[in-house]
Amino acid sequence: MPGSLKSEAIVLRSIRYGEGDRVLHLYTPHRGRLGAIAKGARKARSRFGGRLEPFFHLRLVLHEGRGDLLTVTSAETVTAHARLRDDGAALDAAARACDAVARLFEAGDPNPAVFHLLANELALLDADPGRAGHANQLAFRIKLLVAAGLAPQLGACAACGEREHLIGFSGAAGGVVCSVCEASAFPFEEDAHAFLTAALSRPLADAPAAEPRALRQAERAIMETLEHHAHVRLRPAVAA
């Protein structure tokens with residue numbers, strides 16, 4: 001039924017449309033990913049100002065009609081995340097975090113944990129743009145897998161349950177594998193295993209450090225898990 005919807009939202013993407021409008025890709029806590037149009041948003045005297053850009057955390061009033069796009073009728077800034085916009089690495093990390101959420105979660109698939117995880121990541125990048133490294137981005141992604149119900153098995157072999165000699169990772173199996181079950185796996189060293197385990201158990205603000213080799217293996221584990229079990233391919237966590 002047509003009507004008004006009040007919701008917090010994070011702007012994942014903002015696209016110019018027509019003479020002066022914007023089409024927004026939003027993520028909300030209780031409606032998941034939404035599409036909305038902000039009419040006249042690009043006009044000089046728009047009531048929205050510049051607050052409909054990516055990474056803004058907003059309080060919105062949306063009109064829900066019969067079409068696919070909702071209409072933005074009111075927008076109030078919760079957090080603009082202005083500092084991260086002045087740092088290239090933080091800006092890139094924020095864009096990759098929003099892109100990961102947009103690719104992994106379908107429209108109309110509410111997940112409050114995802115909303116709060118993304119809001120936390122953007123707030124951390126804004127408070128300290130220097131944290132926008134490979135380790136932070138992978139810590140965000142492994143927590144995103146948990147929120148999506150796709151957490152890899154790390155405590156025992158995903159194929160047979162063995163808890164010793166865990167030397168590989170298999171996306172198809174869904175986690176680490178032992179020396180007996182490693183046929184379809186890639187080498188997964190102890191440091192990479194320790195990084196993912198610590199990243200899962202610690203707050204995002206306390207993402208563990210690791211050597212580049214371990215981070216590359218951890219990223220491959222995340223990517224293969226998503227490809228096999230969600231049929232989603234994300235952009236690399238850091239620019240090539």
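We did not get these values from a lab; they are worked out from the coordinates using the rules stated. These figures come from a predicted structure and were not determined experimentally. Don't worry about glycine lacking a Cβ; one is built from the backbone with ideal geometry, like all the others, and counts go over all protein chains shown.
Observations, loosely collected:
- Long-range amide H partners of ARG13 with built H, under 5 Å: HIS25
- Calculated over the chain: convex hull of Cα atoms, volume per residue (Å³): 128 Å³
- Listed from fewest to most Cβ neighbours within 10 Å, the set GLU164, GLU219 follows the order GLU164, GLU219.
- Charge tally for LEU62 (other residues, Cβ to Cβ under 10 Å; Lys, Arg +1; Asp, Glu -1): +1.
- Simple rule: put +1 on each Lys or Arg Cβ and -1 on each Asp or Glu Cβ in the range 153-240, find the dipole, and look at LEU226, LEU215, LEU196; the Cα lying farthest toward the positive end is LEU226.
- Around the Cα centre of the chain, unit charges on the Cβ atoms of Lys, Arg, Asp and Glu (plus for the first two, minus for the last two) sum to a dipole of about 1260 debye.
- The residue list GLY49, LEU118, HIS165 was ranked by how far each Cα lies along the charge dipole of the chain toward its positive end, using unit charges on Cβ atoms, and GLY49 comes out on top.
- Between helix 134-147 and the chain: long-axis angle, C-alpha atoms, 0 to 90°, nearest 10: 80 degrees
- Helix-only mean residue ellipticity at 222 nm for the chain, each DSSP H run of n ≥ 4 adding -39500 (n - 2.57), per residue, nearest 500: -10500 deg cm²/dmol
- Taking a sphere under 10 Å around the Cβ of PHE140 and counting the other residues whose Cβ falls inside, with K and R at +1 and D and E at -1, yields a net charge of +2.
- Seen against the Cα atoms of the chain and their longest principal axis, helix 190-201 is set at about 40 degrees.
- Site pair THR197 and ALA107 shows an inter-label distance of 4.3 nm when each label is modelled 7 Å from Cα along Cα→Cβ.
- Hits among aspartates and glutamates - C-alpha to C-alpha of LYS6 under 14 Å, sequence gap 8 or more where chains match: GLU64, GLU76
- Centroid-to-centroid separation of the range 22-85 and the range 106-178 [C-alpha atoms, Å]: 28 Å
- At R0 = 51 Å, FRET efficiency that the Cβ-Cβ distance of CYS160 and ASN120 yields, to 0.05: 0.90
- Between helix 212-229 and the chain there is an angle of about 70 degrees, using the helix long axis and the longest principal axis of the Cα atoms.
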